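The values are calculated or read from the model by the stated rules, or taken from the named source; none is laboratory data. Bear in mind that the values here come from a model prediction, so they are computed numbers and not experimental data. All Cβ positions, glycine included, derive from the backbone under ideal geometry; neighbour counts span all protein chains shown. The protein model used for the area step is the full one, side chains on, heavy atoms only, and it has no ligands, DNA or RNA in it. Shrake-Rupley method; radii C 1.70, N 1.55, O 1.52, S 1.80 Å.
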Amino acid sequence: MSNETAVSEQTSPSSCQTDGAADVTVYGLGRSLVAPCFSPFTLKLQTYLRMAGIKYKFEGSLKMSSKGKIPYIIHKGKQVEDTSFIVEYLNKEYSVDLNAHLSLSEKGISVAFQRLIEENLNWPLTYERWILKYNNLVDILPFTSFKKKMFKLATSSPFGMKSKVQANMHGHGIGRHSKEDIFKIAEKDLTSISNFLGDKPFLMGSKPSQVDASIFGHIGILMFAATDFRTHRFVKDNLPNLVTYCERVRERFWPDWNDRVAENI
Amino acid sequence: MSSKMEAQSSGNVVQGEITVFGFGKSFLGPCLSPFNLKLQTYLRMTDIKYKPWFTTKMPSKGKIPYIEHNGKIVEDSSFIIQHLNSEYKKDLNAHLTPAEKAIALSFQRLVEDNLYWTLAYQRWLMDDSILDLIPFPNRFATKLFSWYTSLKLRPDLRKNMRGQGIGRHSEEEILKIAKLDLGAIADFLGEKEFFMGSQPSEVDAVIFGFVGLMTFTGSNSVSAKDVKENHPNLVAYVERMKQLYWPDWDKLCIPEGTTSWDEMQQQCG
């Protein structure tokens, strides 16, 4: 088991991301005009890297991994896919344990909340992004108007992203619900996260832990890059502790957020 | 205790009575589906009378189980529970704080949106042992069902798993995910009598529905063996739940050797 650490403990979160060479390269859907990356899972992964003090380079790319998943990493020539497996792999490679201070019961709870976000809440948010607010999607992408037109053509074709999302939602089961029921499910999940968070600075207590990367990945995108979503308004109007949580995590791990978003063309 | 056994024996459709439609029983348990076991466990926990009924017809959302109550069809086990809580003024979660309710919901999501797929994979896609659970009238019927499984059921499950995301993993990775989830359940349960503490709550129906079904009707699976070897507290928990809410479990199983279709239908009420 390697005891290599990529950076000294003094490294600030923002200096983890480099535009030069790094042992870890993250490939994911690129930056948007309002966020350092378009996808919640890519934001989760980059947030984890910053929490762990691991130096990395981010390459915006449309190319999927061999499992058809994005984001993925290349670490010293090796491809690793699926953010949960990537985190497990890097924890081993760099001897990182962001959950060391948690009890066994707390570790159980943090796995459960990760599943709530990534295997359930993720779907209503994806639904709002790709189906309901699909026409507004291009507004946050750093594309020329020609590229925006091509993007819309490609994603709304029978084999495009939009129909893939619909098929995936049906496979999961949530796609069989009405629009109102899907929103109810999202609101229930968001309220639960808020109720569990309470007054705590981070989900599991006074120190950040691995699950904060998952929470911020999804709810951070919702609060900073999806301000026209109905679910965004729901959080803003009803769950103020979740709003301040996102701001806190962003300030601590993404002080360079505005420098990392894409420029308008 | 006796009121829970009476709920099973009613043979008449009575006004206000609930009929739970599902895929019926097996040789080893009263249900084939974990969602059905979750729902029936909830009904027993809340002392709501019901009658299970065998069906192969899917309702509009394509989800099983579903109920018929006062002429109304309600689908999706979670929506059914919400509906019945409202109709019968039940609240198994009344004693929980908002933070505890949040924890309970997160584990429900872990089980139903993640662990479920890894268990379905083990039950349907790893081998043919599922066929030993179901009674068939003759060898031809077994063959027919086996074809149906290969041509429709398994491809559908694979497609759903790919849509959900977990289906893109290798078998080793799927089993690893199951191990992690079951470990989280066992770690949070600890030595508590019920999942959230000393009193039962709604999430106990969920945990028992899935982990119980696996333990008692899928004991040869990788995950069942993992739980048996590594999480004795979880084994003790499902035994406790079974004794408390399903003292008639063995009586409800289809007797070994049953092959007649009529007999099986009768068994299902």
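Could you grab the Rg to Rh ratio for the protein assembly as shown? Cα atoms only, Kirkwood for Rh.
Details: Rg = 24.2 Å, Rh = 24.7 Å.
Rg/Rh: 0.98.
Shape call for the range B:163-242 from the C-alpha gyration tensor, a ≥ b ≥ c root eigenvalues: rounded (a/c under 1.5), prolate (a/b greater than b/c) or oblate?
On the way: a/c = 1.95, a/b = 1.68, b/c = 1.16.
Verdict is prolate for the range B:163-242.
Aspartates and glutamates within cross-link reach of B:LYS51: Cα-Cα under 13 Å, excluding same-chain residues under 8 positions apart?
By straight Cα distance, B:LYS51 reaches B:GLU6, B:GLU17, B:GLU68.
Take the cross-link list A:LYS78/B:LYS179; A:LYS179/A:LYS236; A:LYS107/B:LYS25; A:LYS69/B:LYS143 and give me the ones stretching past 31 Å between alpha-carbons.
A:LYS107/B:LYS25; A:LYS69/B:LYS143, as the Cα separations exceed 31 Å there.
If we count every other residue with Cβ under 12 angstrom of B:SER150's Cβ, Lys/Arg +1 and Asp/Glu -1, where does the sum land? Walk me through the intermediate numbers first.
Details: positive: B:LYS143, B:LYS152, B:ARG154, B:ARG158; negative: B:ASP128, B:ASP156.
Cβ neighbours under 12 Å give a net charge of +2.
Pop a pseudo-label 7 angstrom from the Cα along the beta-carbon direction at both A:LYS133 and A:ASP256 and give the gap in nm to one decimal.
Distance between the two pseudo-spin positions: 2.7 nm.
Under 28 Å Cα-Cα from A:LYS76, which lysines qualify once same-chain neighbours fewer than 8 residues away are excluded?
The reachable lysines, counting only those whose Cα sits under 28 Å from A:LYS76, are A:LYS44, A:LYS55, A:LYS57, A:LYS63, A:LYS67, A:LYS92, B:LYS176.
Would you work out which of A:ALA35, B:SER26, A:PRO208 lies farthest towards the positive end of the dipole of the protein assembly as shown? Charges go on Cβ: Lys and Arg +1, Asp and Glu -1.
A:ALA35
Once phi is turned into θ = phi - 60°, what whole-Hz ³J(HN,Hα) does the Karplus curve with 6.51, -1.76 and 1.60 give for every residue of the range A:63-76, x standing for Gly and Pro?
Result, rounded to whole Hz: 6, 7, 6, 5, 8, x, 10, 9, x, 9, 10, 10, 10, 6.
In nanometres, what is the gap between the two model label sites at B:ALA236 and B:LEU151, each 7 Å from Cα along Cα-to-Cβ?
About 5.0 nm, to one decimal.
Convert each backbone phi in the range B:75-81 into a coupling constant with the Karplus relation 6.51 cos²θ - 1.76 cosθ + 1.60 (shift: θ = phi - 60°), then list the ³J(HN,Hα) values in order as whole Hz, x for Gly and Pro.
For the range B:75-81, the Karplus curve yields 10, 6, 4, 5, 5, 4, 4 Hz.
Please turn the phi angles of the range B:100-109 into ³J(HN,Hα) values with the Karplus equation 6.51 cos²θ - 1.76 cosθ + 1.60 (θ = phi - 60°), one per residue in order, whole Hz, x for glycine and proline.
Taking θ as phi minus 60°, the curve returns 5, 4, 5, 4, 4, 5, 4, 6, 4, 5 Hz for the range B:100-109.
Tell me, what is a quarter of the convex hull surface for the C-alpha atoms of chain B, in nm² with one decimal?
That works out to 14.1 nm², a quarter of the Cα hull's surface.
Tell me, which longest segment in chain A has none of the trypsin sites (Lys or Arg not before Pro) that fall in DSSP loops with at most 10 further Cβ atoms within 10 Å?
By the stated rule (loop sites, at most 10 other Cβ atoms within 10 Å), A:77-265.
If you count the DSSP beta bridges with both ends in the range A:19-117, what percent of them are antiparallel, to the nearest 5?
Looking only at bridges with both residues in the range A:19-117, the antiparallel portion is about 60 percent.
State, to one decimal in nm, how far the label point of B:ASP127 lies from the label point of A:PHE159, with both points 7 Å from Cα in the Cβ direction.
If labels sit at B:ASP127 and A:PHE159, their model points lie 4.0 nm apart.
For n ≥ 4 DSSP H runs only, could you compute -39500 (n - 2.57) per run for chain B, divide by its residues and tell me the 222 nm figure to the nearest 500?
Computed mean residue ellipticity for chain B: -14500 deg cm²/dmol.
Could you size up the charge dipole of chain B around its Cα centre, putting +1 on the beta carbon of Lys and Arg and -1 on that of Asp and Glu, and report it in debye to the nearest 20?
Using Cβ point charges on Lys, Arg, Asp and Glu, chain B gives about 660 debye.
Within chain B, what percent of beta bridges assigned by DSSP are antiparallel, to the nearest 5?
Counting only bridges with both partners in chain B, antiparallel ones make up about 65 percent.
Could you work out which residue, out of A:SER95, A:SER145, A:SER105, moves most in a Gaussian network model of chain A, that is, has the largest mean-square fluctuation with Cα springs under 10 Å?
Among A:SER95, A:SER145, A:SER105, the largest GNM mean-square fluctuation belongs to A:SER105.
Sort out for me the Cα centre separation of the range A:14-62 from the range A:110-149, rounded to whole Å.
A separation of 18 Å, based on Cα centres.
Would you grab the residues whose amide H sits under 5 Å from the one on A:PHE58? Only those 5+ places off in sequence or on another chain, please, with H modelled 1.01 Å from N.
So A:PHE58 has HN proximity to A:THR18, A:VAL26.
Using a 1.4 Å probe over the heavy atoms of the protein chains, calculate the carbon and sulfur portion of the accessible area of the range A:3-256 as a whole percent.
That share works out to 52 percent.
Rounded to whole Å, give me the distance from the Cα center of the range A:70-91 to that of the range A:198-212.
First find each Cα centre; the distance between them is then 24 Å.
Hey, with R₀ at 41 Å, roughly what FRET efficiency would A:ARG176 and A:ILE265 work out to, going by the Cβ-Cβ distance, to 0.05?
Here the calculated transfer efficiency is 0.55.
With a ≥ b ≥ c taken as the square roots of the eigenvalues of the C-alpha gyration tensor of the range A:3-256, please select rounded if a/c is under 1.5 and otherwise prolate if a/b is larger than b/c or oblate if it is not? Provide the component values of the computation, followed by the final result.
Numbers: a/c = 1.63, a/b = 1.17, b/c = 1.40.
It is oblate, given that a/c is not under 1.5 and a/b is not larger than b/c.
Rounded to the nearest 20 debye, what is the charge dipole size of the protein assembly as shown about its Cα centre when +1 sits on each Lys and Arg Cβ and -1 on each Asp and Glu Cβ? Let's see the in-between values first.
Numbers: 65 positive and 60 negative charges, 333 e Å.
The calculation lands at about 1600 debye.
Would you mind classifying the range A:168-213 by shape? Square roots of the alpha carbon gyration tensor eigenvalues, ordered a ≥ b ≥ c; an a/c under 1.5 is rounded, otherwise it is prolate if a/b is larger than b/c and oblate if not.
Judged from the Cα gyration tensor, the range A:168-213 comes out oblate (a/c at least 1.5, b/c at or above a/b).
Carbon and sulfur: what percent of the range B:98-246's accessible surface (1.4 Å probe)?
Here carbon and sulfur together make up 53 percent of the probe-accessible area.
Take every DSSP beta bridge with both residues inside the range A:3-256 and express the antiparallel ones as a percent of the total, to the nearest 5.
So the antiparallel bridges in the range A:3-256 amount to around 60 percent.
Whose amide H sits under 5 Å from the amide H of A:TYR72, counting only residues 5 or more places off or on another chain, with H placed in the peptide plane?
Residues meeting the amide H criterion: A:TYR27.
To the nearest 20 debye, what is the magnitude of the charge dipole of the range A:3-256 about its Cα centre, counting +1 on the Cβ of each Lys and Arg and -1 on the Cβ of each Asp and Glu?
That gives the range A:3-256 a dipole magnitude of about 880 debye.
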